[in-house]
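Asks: Submitted below is the structure of interest, expressed as structure tokens.
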Amino acid sequence: MNPKKRELESRITELEQALQELKTQLSQIESQEQHDAIDHLDEYLQSMDNKWENVRSFWPIVLAELRELFGNKNSSGKE
Amino acid sequence: MSVTTHIPENHVPDHHKAQVAQGPNWIKWLQIAGLVYLLLVAVSLIGGGFKLAAGDQAKELFAFASNPVAGLVVGTVATALIQSSSTVTSIIVGLVAGGLPVGIAIPMVMGANIGTTITNTIVSLGHVRQGEEFRRAFSAATVHDFFNLICVVIFLPLEIMFGLLEKMGAMASQWLVGGDSMSMNGFDFIKPLVKPPVKFLENTVLGGLPEAVTGTLMIVLGIVTIFMVITLIGKLLKSLMVGKAKQILHSAVGRGPVSGIASGTVITVLVQSSSTTTSLVVPLAGSGVFTLRQIYPFTLGANIGTCITALLAATAVTGANAIFALQVALVHLIYNVLGVVVVYGIPWLREIPLLAAQRLADATVQNKLYAVAYIGLVFFVVPLLLIGGSNLMGI
């Protein structure tokens, strides 16, 4: 067998193993993060009780975007 | 070539430490038992109230909703305003007990599925100041909306044309209680439990008033009681079941979509609220720890789990309409199971809610007005336009 070809095959096998190892490690880290996030479920449940606060904090942003939208139109109209 | 990556030393996760059985909270469980009893009484009150107020004219009373689109809109808007599909479906079961035809109730139940999705959308608005986090949270909330909208687009025409769900519900209810009987003898053990307070209210507290007034007051009292009871049950179960919910979620990590659907179903049964389940995944997805594709099956399980409340409510109904009350509760279950099987089971259909949610979230991050327009249109404006259009077309 061509030594160059053999070397390439060997390197591909090595890379594939390394890639697989990395994927496993990534998957473990992701799972760990997910478990950690689930441990905070009580906090998420509490925040659900304040959902109208969300609307209250969302509304000023919407109003600002509305003002920007119409403000821009008005200023471009004047120009 | 060697690749080395530092991995944090595996530590025992908190959930393993926390999985120590919590002492039973008897007072809360007793309160829940009492509230479930009140729920059954309230459903019975609505049914009894309608019989008193409308007599045999109940069908005519609901003529306004005989248009299936109107029924869908009533279910959607009522649930979006009350923010509880369990409350609305329990009320629908009570109405069927009072004479509302199952055919009219089915689109209302479908509408309840759409209306309930507003809650997690509102929860996702809390992430608005964090651009990328908001994009993920908003798409996690609206994927459930798009899934439920697709279910209606598929099953409402089938229901209008062939009465598919009504027939399946009838078959299932007759199979459950025996095809030769319409009196649901199997559920008669509930009657002695719920009848005394209903009769006490009807004959003593509200006695002496004209029947129509007594009936109307019973209906109003039943609706208010269902609303309060389900809200209180939800609050109590949330505090009691959070440990169990964590345990279920931990066990579902990395196990694929079927496990996600199953865990979403079980958690919703435990907390008796689909909006609690679907809202829980919003911060999980928002933080980027769970992908949209990972939380999608979980929200579908919520659709199935929420059917338990209407089934429970149906056990309170006795008499000739009991089987129809059970039928509509079973239709709710069949519809949600079929929705998951069809929409999630067909690969290209499965992708539509994901794509739609992602596109909408991308647009909303650029301009928050899209979120306002979306909520207004889906839950209020389009439903009302649909009623107008369908009336004009004489559907």
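The values are calculated or read from the model by the stated rules, or taken from the named source; none is laboratory data. Since the structure is predicted, the reported quantities are computational estimates derived from the model, not experimental observations. Glycine gets a Cβ as well: all are built from the backbone with ideal geometry, and neighbour counts include every protein chain shown.
Asks: In segment B:339-362, what residues are within 17 Å of residue B:137 (Cβ to Cβ) and surrounded by 15 or more Cβ atoms within 10 Å (Cβ to Cβ)?
Replies: Residues satisfying the conditions are B:353, B:354, B:356, B:357, B:358, B:360, B:361.
Asks: Right, another one. State the number of residues belonging to segment B:1-57 that are part of a helix (DSSP H, G or I) and modelled with pLDDT under 65.
Replies: The qualifying residues number 5.
Asks: Sticking with this structure for a sec: Condition check: more than 11 Å from chain A (Cβ to nearest Cβ), among the β-branched types (Val, Ile, Thr) and either closer than 27 Å to residue B:111 by Cβ or assigned to a helix (DSSP H, G or I) (or both). Does residue B:269 satisfy that?
Replies: yes
Asks: Now for a different question. What about residue B:373, is it out of contact with any Phe, Trp or Tyr (no Cβ under 9 Å at 6 or more places or on another chain), within 14 Å of another protein chain (Cβ to nearest Cβ) and closer than 30 Å to residue A:68 by Cβ?
Replies: Considered against the rule, which asks whether it is out of contact with any Phe, Trp or Tyr (no Cβ under 9 Å at 6 or more places or on another chain), within 14 Å of another protein chain (Cβ to nearest Cβ) and closer than 30 Å to residue A:68 by Cβ, residue B:373 comes out as yes.
Asks: Output the number of residues of segment B:293-321 satisfying the condition of being more than 14 Å from every other protein chain (Cβ to nearest Cβ) and either within 14 Å of residue B:337 (Cβ to Cβ) or more than 21 Å from the chain's Cα centre (by Cα) (or both).
Replies: 15
Asks: So, residue B:207, is that one loosely packed, with under 14 Cβ neighbours inside 10 Å and either within 13 Å of chain A (Cβ to nearest Cβ) or free of Cβ contacts under 8 Å to residues at least 60 places away in the same chain (or both) or not?
Replies: yes
Asks: Also: Quick test for you: out of B:94, B:99, pick the one residue that is of a type outside the set (S, T, N, Q), at pLDDT below 90, part of a helix (DSSP H, G or I) and touching a helix residue (DSSP H, G or I) at 6+ places or on another chain (Cβ under 7 Å).
Replies: Among B:94, B:99, only B:94 is of a type outside the set (S, T, N, Q), at pLDDT below 90, part of a helix (DSSP H, G or I) and touching a helix residue (DSSP H, G or I) at 6+ places or on another chain (Cβ under 7 Å).
Asks: Related question: When segment B:263-297 is examined, which residues are found to be in contact with a Pro (Cβ under 9 Å, 6 or more places away or on another chain), closer than 25 Å to residue B:311 by Cβ and surrounded by fewer than 24 Cβ atoms within 10 Å (Cβ to Cβ)?
Replies: Matches in segment B:263-297: B:297 only.
Asks: Kindly provide the set of residues from segment A:14-35 that are within 7 Å of chain B (Cβ to nearest Cβ) and either among the hydroxyl-bearing types (Ser, Thr, Tyr) or outside any helix (DSSP H, G or I) (or both), ordered by number.
Replies: A:31 - this is the single residue of segment A:14-35 that is within 7 Å of chain B (Cβ to nearest Cβ) and either among the hydroxyl-bearing types (Ser, Thr, Tyr) or outside any helix (DSSP H, G or I) (or both).
Asks: Further question on the same structure: Quick test of your reading of the structure: residue B:333 fulfils all but one of (1) surrounded by fewer than 23 Cβ atoms within 10 Å (Cβ to Cβ); (2) more than 24 Å from residue B:241 (Cα to Cα); (3) away from chain A (no Cβ under 12 Å). Name the failing condition by number.
Replies: Going through (1) surrounded by fewer than 23 Cβ atoms within 10 Å (Cβ to Cβ); (2) more than 24 Å from residue B:241 (Cα to Cα); (3) away from chain A (no Cβ under 12 Å) one by one, residue B:333 breaks only (2).
Asks: Determine which single condition residue B:342 fails, assuming it passes every other condition in (1) more than 14 Å from every other protein chain (Cβ to nearest Cβ); (2) without any contact (Cβ under 8 Å) to a residue 40 or more places away in the chain; (3) of a type outside the set (Asp, Glu).
Replies: (2)
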